[in-house]
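Here the structure is laid out as structure tokens; the discussion comes afterwards.
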């Protein structure tokens, strides 16, 4: 006669009920959260600009609402922290909405950092300064969390090849590790110089190209401040060769404000010949702080007016001679 085994198992209906409860608990749901309860991600490196794309986002939200929910995480104080969706939040505020749909996910600091960077790197236009700080933040997070495959989405096979975090990051963002290093170097620039690197992307002036900017990043902040002053004075930004010269003078302990100005005044290859007017000759005609572009435009306008006056005088004299 077979013995009856008593395994003390709960009824089948209870087992399935608990499985359903577990699945429901792990399922992420979309909820509408008040905008005033959502804080920005700390040191968020991506700028929210009121550009044409943002205008389109605002119009879309006004008409149809936020179509793709943002990703947030719950903070210890009971508020929420935005992980992915800063532009949608700003657009919602501008559209006059008080709430937005969000997914609340349990993320550690490093997990949240990686998700925040990866989600924003999908944007069409990313400024050099944004890449610089985003790459630095993600690289730091990758190092801290030990290259776990569930966070970095890199196969274990690659991680066993002895690659550096910078190499893995480069593969993930589609850049060489040297280019990743160059972008991260930009975080050592003072804000005024870093803005000039962004200007090259935005089509604004003054602009500094990537290569000289990287070299300038090795200079101390005081020297970088002198460069900003020289750029305003000379209405020109340093070339790669000039940046290398400044860095060499710094290594030798001979870099000064005068040396930087002297280097900036050197004529660059392929540079259009420029006429320089001593500042003390024209300073009385302009308020302090007038941009060089404004001064140049005013002088050109004055010369054009003078040219037209001379032309009128010549025509008048010719008419007088003809009437005699």
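Below is a table of values for the structure above.
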item: Mean separation of Cα contacts under 8 Å, 6 or more apart, over the residue count of the stretch 189-264: relative contact order %; result: 31
item: Likely footprinting exposure, 249, 46, 262, fewest C-beta neighbours within 10 Å first; result: 262, 249, 46
item: Neighbour-count order for 58, 208, 299, fewest beta carbons within 10 angstrom listed first; result: 299, 58, 208
item: Rounded to 5, percent antiparallel among DSSP beta bridges of the stretch 15-144; result: 65
item: 89, 309 arranged by Cβ crowding within 10 Å, fewest neighbours leading; result: 309, 89
item: Viscosity 1.306 mPa s, temperature 10 °C, Stokes-Einstein D of the stretch 196-269 from Kirkwood C-alpha radius, µm²/s; result: 130
item: Hull volume in cubic angstrom per residue (convex hull over the Cα atoms of the stretch 158-220); result: 89
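FYI, it's all coordinate maths here, none of it is from the lab. These numbers come from a predicted model, not from an experiment. Positions of Cβ are generated from backbone atoms using ideal geometry, with glycine treated the same way; all protein chains shown enter the neighbour counts.
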